[in-house]
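The values are calculated or read from the model by the stated rules, or taken from the named source; none is laboratory data. For clarity, every value in this text was computed on a predicted model and none was experimentally measured. Every residue, glycine as well, gets a Cβ built from its backbone with ideal geometry; the counts of neighbours run over all protein chains shown. With ligands, DNA and RNA removed, areas are computed over all heavy atoms of the protein, side chains included. Shrake-Rupley method; radii C 1.70, N 1.55, O 1.52, S 1.80 Å.
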Amino acid sequence: MLFFPRCKARRLLALPLVCWALSSHAQSRITVDEAVALALSQPHVRQELEAGVNSARSEVLAARTWPNPDLELAEERGDSGPLGIARETTVVLSQAFELGGRRGLRRDAAEQGVLAAQAGAEYERARLRGDVLRAYSNVVAGERRTKAHVRTAEGLRDLADSAGKRHHAGDLSGYESRRIAQASAQAQARAAQADAEARTARARLAGLIGEAALTAELDVTPPLPPIPAVQDEVRSAELDVLQARRAHAQAQARAERRLALPVTVGVGSKRVEEAGVSDDLMVFELGVPLPLFDRNQANRARTAAEAERADAQYQRALLQTRSRRAAALEEARQLSASARQLLDAAVPEATRLTEIARASFAEGELDLVGLLDAYDAETEVIEQALEQQARALDALLELQLLFPLSIPTTDPSR
């Protein structure tokens, strides 16, 4: 939410959206951590993140479930001549078994799939946290930018009014008066554009955390996550996901390479009735398919190719992680320090210099060019500070994915 000392609605007709925003009151305050929690608690987000894990668990259930037994009932009748009707009834219960260990390997592969799905879901949660943090920061930066442009527009409008009076009194040239008026109009246009962008940023944040973001009060400084502590171990959130996927693919390939020995065993009874005499027999069946054709070669080739691809992706990321981490870490440190220095020192100093320039111009000690340069310098340093802050945030979000998801952190100022 924007907080200004006053809103000159009648004087800044080019800024109706700003004044409308200032007149509405925030219904609540949302910190960046609360924004992340709201995003992760959205029903559709939970549903999407859990869907992959539940699907993988269904594969475990399928791998553990035995095939259903078969019950076969057969009856044969015939005429045996003078002996009467002959009847033969057979009841057999059969069960299929897969020897050789492939079933157990498939179960292990399915369980590896669950681990891979869980790692992927956690990685997506981390990416969503980054999206929320970036959207939240864009709102805070946009509203701070709007506040700066509104302050500049108000100051130039005051100067334009004063310059008009001085021009009529003969104390200021017509060119200088018109130039100030032109600068005031440009400042109002920039403020309106900044406000529109800030409102768009709020709408995007609301798309992630809900409509509460449209009116909630946010932090006054764009947030930056802490810089992860330096680690010698080459591990990262991205590598953890790729490693879990590689283990899953390799487990699937091992299962398909194992020779399958399907066996069907049946046990039952047969009753033979003829000429009023019946005889009960025990029936035992054993079925083994003849391996004339390799029906599993396609699955074996497919899983082998997927295992090779998963391993290649992991190896490539492993080689790149250390260099990417070092580059992102250095960029994050430099940009964080630069943004902090600009926001804490350069921006307040630029504001003070603008006030000095206004007073000097009013006393006739500074010309118009110097005054406008002071306003431009203040606007430029604010824009630069916020741009550095945004770039530092991008570097930090990338850096977080280049470290394990749960790691100790250090203060970014160190």
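Computed over region 109-210, the P(r) tail beyond 21 angstrom holds 58 percent of alpha carbon pairs. Summarised as an ellipsoid, the chain has semi-axes of 78, 25, 15 Å, derived from the eigenvalues of the Cα gyration tensor scaled by 5 and square-rooted, with the largest first.
Put simply, when 180-192, 294-306, 90-102 are sorted by average Cβ atoms within 10 angstrom per residue, most first, you get 180-192, 90-102, 294-306. 3J(HN,Hα) along region 55-66: 5, 5, 5, 5, 5, 5, 4, 5, 5, 7, 7, 6 Hz, from the Karplus curve 6.51 cos²θ - 1.76 cosθ + 1.60 with θ = phi - 60°, whole Hz, x for Gly and Pro. From Cα pairs below 8 angstrom and at least 6 apart in sequence, can you work out the relative contact order of region 303-414, rounded to a whole percent? That works out to 42 percent. Take region 86-242 with all the other protein chains still there, run a 1.4 Å probe, and you get 45 Å² of accessible area per residue.
Overall size of region 264-315 from C-alpha positions, given as principal axis extents largest first: 77, 22, 10 Å. Taking the convex hull of the alpha carbon positions in region 353-404 and averaging its projected area over all directions gives 3.9 nm². Of the accessible area of region 145-215, computed with a 1.4 Å probe over protein heavy atoms only, carbon and sulfur atoms account for 49 percent. For region 89-167, the equivalent ellipsoid derived from the Cα gyration tensor has semi-axes of 76, 13, 5 Å, listed largest first. Quick check: net charge around residue 286, other residues with Cβ under 15 Å of its Cβ, Lys/Arg +1 and Asp/Glu -1? Once positives and negatives cancel, what remains is -4.
Which distance in Å, rounded to a whole number, links the C-alpha centroids of region 259-327 and region 332-383? Taking the Cα centre of region 332-383 as reference, the centre of region 259-327 is 74 Å away.
Can you give the relative contact order of region 127-208 as a percent, counting alpha carbon pairs under 8 Å and 6+ residues apart?
Averaging sequence separation for qualifying contacts and normalising by length gives 50 percent for region 127-208.
Neighbours of residue 369, meaning other residues whose beta-carbon lies under 11 angstrom from its beta-carbon, give a summed charge of -3 when Lys and Arg score +1 and Asp and Glu score -1.
Rounded to the nearest angstrom and listed largest first, the equivalent-ellipsoid semi-axes of region 229-341 from its Cα gyration tensor are 64, 16, 9. Here the relative contact order of the chain, from alpha carbon pairs under 8 Å that lie six or more residues apart, stands at 23 percent. Using the empirical formula 2.2 N^0.38 Å as the baseline, the Cα radius of gyration of region 23-136 reaches a ratio of 2.22.
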